[in-house]
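Report on the structure given below.
The values are calculated or read from the model by the stated rules, or taken from the named source; none is laboratory data. Everything numeric in this text was worked out from a predicted model, so none of it was measured. Using ideal geometry, Cβ is built from the backbone for each residue, glycine included, and neighbour counts are taken over all protein chains shown. When the accessible area is computed, the model is the full protein with side chains, heavy atoms only, and any ligands, DNA or RNA have been set aside. Shrake-Rupley method; radii C 1.70, N 1.55, O 1.52, S 1.80 Å.
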Amino acid sequence: MNAISPAAVTEAADPGRVVLLTTSHRVAPGLLSWPAWQALHAADQVLCADGAHPQLPYLREAGITVSEAAPTAEELVDACAGGHTVVVVATGEGEPALTDGLARLAGSGRVQMPDLELLPASYDLPGARLLDLVQVMDRIRAECPWSSQQTHKGLAKYGIEEAYELVEAIEDGDRDELREELGDVLLQVVFHARIAEEDPEAPFSIDDVAATIVTKLIHRHPHVFGDETAATPEEVKAHWLRTKAVEKRRSSVTEGIPLHQPALALAAKLAARARSASLDIPLPTGEGIGYTLLALAAQAEREGTDPESTLRAAARAYRDAIREAEAEAE
């Protein structure tokens, strides 16, 4: 395309139209909106600066002629003069140099500008950025000397740390910290799933992980996805416990309770399982503070209080008192 002077553009009776067509790399190439296909078929010219753009084979298969070109703003305005429509298939960067140039021409007031339209041809669905995370994790696993050597066991401690940091962000009420810590927890899931792909005997992927939890959620929410009804949180919990019992076919209500969780949380969970199963079992008695703490944890659970978070709140208050005393002593 040959550049022309802005003065020549002003002589055109109809300045034409520029359509900047954007696409998402998170959507399969060729899956474009109907307005996008209409604009492409009706255009006088279709331009793309990237000859390797993933959409080009599909556009050409649909009978659309695409020229590999990176016009300047002046060249593009010239190409539209006389009522022509030019579609620019944007690269991943979104053509900032071109759009900045068009903005400068429009701001000069000396050029009759074509109509400018931004047309998203494909949109990210909710959760689409998770695909980016999977791709990034895949590359890190392959190329990072540390990440490539990690195992499920080696990462276990980080999962515990990230979970506690998430709880702390929730209790602090810090929204920015909460968003970041949720990302750190999500990373643990994706990291473990990526490692699992390499298992020689029983590999699985992040898609398998997602499929498993989706199936579980649908099955355990018959009041949402089935014919059951539930009007209260208590009824929802009852549905959950019934379906879980059928799934697991456990011989004891204590099965599935992780014994490595904090002791207060463990004691409360055992008490909750016993109470849900209507098992009136006296608490064991013995000497030492452990049995006293067990009784307190069971009492807290019975009264609807989480002993772990309650004690943590009290400990934080104690920490603040210590800091105040230290400040006064200085």
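From E308, E301, E255, which residue is out of contact with any Asp or Glu (no Cβ under 8 Å at 6 or more places or on another chain), open to solvent by less than 80 Å² (accessible area, probe 1.4 Å) and touching a residue at least 40 places away in the same chain (Cβ under 8 Å)?
Being out of contact with any Asp or Glu (no Cβ under 8 Å at 6 or more places or on another chain), open to solvent by less than 80 Å² (accessible area, probe 1.4 Å) and touching a residue at least 40 places away in the same chain (Cβ under 8 Å) holds for just one of E308, E301, E255, which is E308.
Restricting attention to the stretch 156-176, and to residues there that are within 26 Å of R141 (Cα to Cα) and not small (G, A, S), which single residue is surrounded by the fewest Cβ atoms within 10 Å (Cβ to Cβ)? The qualifying residue surrounded by the fewest Cβ atoms within 10 Å (Cβ to Cβ) is K157. Being in contact (Cβ under 8 Å) with a residue 24 or more places away in the chain and within 30 Å of the chain's Cα centre (by Cα) is the filter; apply it to the stretch 89-99 and report the residue that is farthest from L20 (Cα to Cα). In this case the residue turns out to be G92. Pairing each residue of the stretch 123-142 that is within 14 Å of L186 (Cβ to Cβ) with any residue that is basic (K, R), provided the two are 6+ apart or on different chains, yields C-beta distances under 7 Å for L131/R26; M137/R194.
Please enumerate the residues belonging to the stretch 112-133 that are under 16 Å from C80 (Cα atoms) and open to solvent by 40 Å² or more (accessible area, probe 1.4 Å).
Q112, D115, L116, E117, L118
Against the list (1) of a type in the set (D, E, K, R); (2) farther than 20 Å from S276 by Cβ; (3) surrounded by 13 or more Cβ atoms within 10 Å (Cβ to Cβ), the condition K244 fails is (2). Within the stretch 151-161, the presence of at least one residue that is modelled with pLDDT of 95 or more and outside any helix (DSSP H, G or I) is confirmed. Residue-level analysis places R249 among those that are open to solvent by 90 Å² or more (accessible area, probe 1.4 Å) and over 30 Å from Q299 (Cβ atoms).
So the check is Cβ under 9 Å with 6+ separation or different chains; which pairs have a first residue in the stretch 283-295 that's farther than 17 Å from A265 by Cβ and at pLDDT 90 or above and a second one that's in a helix (DSSP H, G or I) and open to solvent by less than 80 Å² (accessible area, probe 1.4 Å)? Qualifying pairs under 9 Å: P284/L294. Of the residues R242, R220, R249, R194, the single one that is among the basic types (K, R) and either modelled with pLDDT of 95 or more or within 23 Å of the chain's Cα centre (by Cα) (or both) is R194. Residue count for the stretch 177-207 under the criterion of being free of Cβ contacts under 8 Å to residues at least 12 places away in the same chain, open to solvent by less than 80 Å² (accessible area, probe 1.4 Å) and within 22 Å of A156 (Cβ to Cβ): the result is 4.
Note on the stretch 92-111: residues that are part of a loop (DSSP other than H, G, I, E, B) and crowded, with 17+ Cβ neighbours inside 10 Å amount to 2.
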